[in-house]
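Okay, structure first, notes after.
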Amino acid sequence: MGDKLLVVGSIAYDCIETPFASADFILGGSASYAALAASYFAPTMLAAVVGNDFKDSDAKRLAARSIDVSNVRFDASRPTFFWRGKYHENFNSRETIDVRLNAYENFRPSLNEAARSAKYLLLGNISTSVQTEVLNMVDNPEFVVLDTMDLWISTERDALVELVRRCDLLILNDSEAKMLAGTSNIIVAGNDLMGLGAKSVIIKTGEYGAMLFHRDGFFVVPAYPVVSLHDPTGAGDSFAGALAGYLAGRGKTDFDTIRRAMIAGAATASMTVESFSCYKLEQNGAAEIERRCEYIKKISQLQ
Ligand code: AMP
């Protein structure tokens, strides 16, 4: 099943309020979504930390998808990363009400031999310093994907810019891309981020899809048209996880393979938003991802 992928990011408990429903202390975090999504495409290893409130039942959810958790550390002195978010009308905007790093406050990642020899690396959304430490520990990565969010763009900008230069593919959503590039035009942002030293850039545009800026060309993938939107949390992480998993699974990273990986990302992310937490992502399975990939390909063609 291809090369191994190492994912680093947050494992979190989320409290989420949408215009229609709410849920408390559900499994979330960039690494949970990304690793579960990636596990459909490549053998996936996870580097993260959980705290003293982490439930066994949630550990089993990761194990059920054969995710290698031997680099997930346990901090008995603190709770798990916590995030509280609220979506406003029509899911158009999201507000972070509370974020507590908890177990991540003093987290120094450590990797075993298998993780250090990973060829594919997804630096999922977590502090730039943790991402940098993990990248420094991996011996000889062939392809590094970097994701981040507004909190780290504002608190660790210089270190982030430095990290961008060391990565092969930078993935951001539209507002983060504009914030990091310092422009309000999304195309200018993509080009400017390439100018910063990113070898390629994907800008996600929510329900509209995602665009790829690459030295060999430009590409746009539509989102899978979801009718039963329940909770958009984790869509971006699932997109990045499936995409990185797809590249690792194929062992290829050329322009055409990245385009196909974006379709896998869009299909997989569309399952995440159909439930709270990762439930639909875990339950829907590989056949449904494949069906959605084919549908996206079909609606993107003129002939
Ligand atoms: P997304 O909707 O793709 O932006 O991802 C949301 C997930 O990211 C939630 O499950 C949160 O627990 C997690 N999260 C929120 N803020 C942060 C942060 N600053 N660093 C890492 N993960 C975060």
Review point. Only one of (1) modelled with pLDDT of 95 or more; (2) on the phi > 0 side of the Ramachandran plot; (3) more than 10 Å from the ligand (Cβ to nearest atom) fails for residue 29. Which number is that?
Key: (3)
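If you scan the stretch 47-91, which residues turn out to be under 24 Å from residue 206 (Cβ atoms) and away from the ligand (no atom under 14 Å from the Cβ)?
So the first thing to find is which residues in the stretch 47-91 are under 24 Å from residue 206 (Cβ atoms), and the list is 81, 83-91.
Across the stretch 47-91, the qualifying residues are 88, 89, 90.
Considering only residues that are open to solvent by less than 50 Å² (accessible area, probe 1.4 Å) and assigned to a helix (DSSP H, G or I), look in the stretch 160-181 and name the one that is nearest to the ligand (Cβ to nearest atom). Write out each step before concluding.
First pass over the stretch 160-181, keeping only residues open to solvent by less than 50 Å² (accessible area, probe 1.4 Å): 160-161, 163-164, 167-173, 176-177, 180-181.
Next, only the ones that are assigned to a helix (DSSP H, G or I) stay: 160-161, 163-164, 176-177, 180-181.
Numbers: 160: 13, 161: 18, 163: 15, 164: 17, 176: 9, 177: 13, 180: 15, 181: 19 Å.
Here the answer is 176.
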Point to revise | Per-region count, the stretch 179-199, residues touching a Ser or Thr at 6+ places or on another chain (Cβ under 9 Å) and within 24 Å of residue 270 (Cβ to Cβ) | key: 1
Review point. Which condition number in (1) over 23 Å from residue 31 (Cβ atoms); (2) open to solvent by 20 Å² or more (accessible area, probe 1.4 Å) is the one that residue 296 fails?
Key: (2)
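Could you please let me know if residue 122 is modelled with pLDDT under 95 and either closer than 24 Å to residue 52 by Cα or among the aliphatic types (A, V, I, L, M) (or both)? Can you show your working first?
Details: modelled with pLDDT under 95: no; either closer than 24 Å to residue 52 by Cα or among the aliphatic types (A, V, I, L, M) (or both): yes.
It is false that residue 122 is modelled with pLDDT under 95 and either closer than 24 Å to residue 52 by Cα or among the aliphatic types (A, V, I, L, M) (or both).
Taking the stated definitions as given, is residue 35 away from the ligand (no atom under 12 Å from the Cβ), touching a helix residue (DSSP H, G or I) at 6+ places or on another chain (Cβ under 9 Å), open to solvent by less than 10 Å² (accessible area, probe 1.4 Å) and assigned to a helix (DSSP H, G or I)? Show your work before the answer.
Numbers: away from the ligand (no atom under 12 Å from the Cβ): yes; touching a helix residue (DSSP H, G or I) at 6+ places or on another chain (Cβ under 9 Å): yes; open to solvent by less than 10 Å² (accessible area, probe 1.4 Å): yes; assigned to a helix (DSSP H, G or I): yes.
The answer is yes for residue 35.
Quick one: would you say residue 184 is of a type in the set (Gly, Ala, Ser), modelled with pLDDT of 95 or more, within 16 Å of the ligand (Cβ to nearest atom) and outside any strand (DSSP E or B)?
On the way: of a type in the set (Gly, Ala, Ser): yes; modelled with pLDDT of 95 or more: yes; within 16 Å of the ligand (Cβ to nearest atom): no; outside any strand (DSSP E or B): yes.
Considered against the rule, which asks whether it is of a type in the set (Gly, Ala, Ser), modelled with pLDDT of 95 or more, within 16 Å of the ligand (Cβ to nearest atom) and outside any strand (DSSP E or B), residue 184 comes out as no.
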Study note, to complete from the structure: Out of (1) small (Gly, Ala, Ser); (2) on the phi > 0 side of the Ramachandran plot; (3) surrounded by fewer than 16 Cβ atoms within 10 Å (Cβ to Cβ), the one residue 22 does not meet is (2)
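Step by step: first the residues of the stretch 6-22, then only those that are more than 11 Å from the ligand (Cβ to nearest atom) and either touching a residue at least 40 places away in the same chain (Cβ under 8 Å) or among the aromatic types (Phe, Trp, Tyr) (or both), then the one that is farthest from residue 279 (Cα to Cα). Which residue is that?
Of all residues in the stretch 6-22, those more than 11 Å from the ligand (Cβ to nearest atom) come to 6-7, 17-22.
Now drop any that are not either touching a residue at least 40 places away in the same chain (Cβ under 8 Å) or among the aromatic types (Phe, Trp, Tyr) (or both), which leaves 6-7, 17-21.
Numbers: 6: 22, 7: 20, 17: 17, 18: 17, 19: 20, 20: 18, 21: 16 Å.
Applying the filter and picking the extreme gives 6.
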Practice item. Would you kindly identify the strands (runs of 3 or more DSSP E) lying entirely within the stretch 200-270 that contain at least 1 residues that are more than 16 Å from the ligand (Cβ to nearest atom), modelled with pLDDT of 95 or more and surrounded by fewer than 21 Cβ atoms within 10 Å (Cβ to Cβ)? Key: 210-214, 217-221
Exercise for review: Quick one: in the stretch 124-158, of everything that is within 15 Å of the ligand (Cβ to nearest atom) and under 15 Å from residue 198 (Cβ atoms), which residue is most open to solvent (accessible area, probe 1.4 Å)?
Suggested key: 157
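The values are calculated or read from the model by the stated rules, or taken from the named source; none is laboratory data. Nothing here was measured: the structure is a model prediction, and the numbers come from that model. For neighbour counting, all protein chains shown are included, and Cβ atoms are generated from backbone atoms with ideal geometry for every residue, glycine included. Heavy atoms of the whole protein, side chains included, go into the accessibility calculation; ligands, DNA and RNA do not. Shrake-Rupley method; radii C 1.70, N 1.55, O 1.52, S 1.80 Å.
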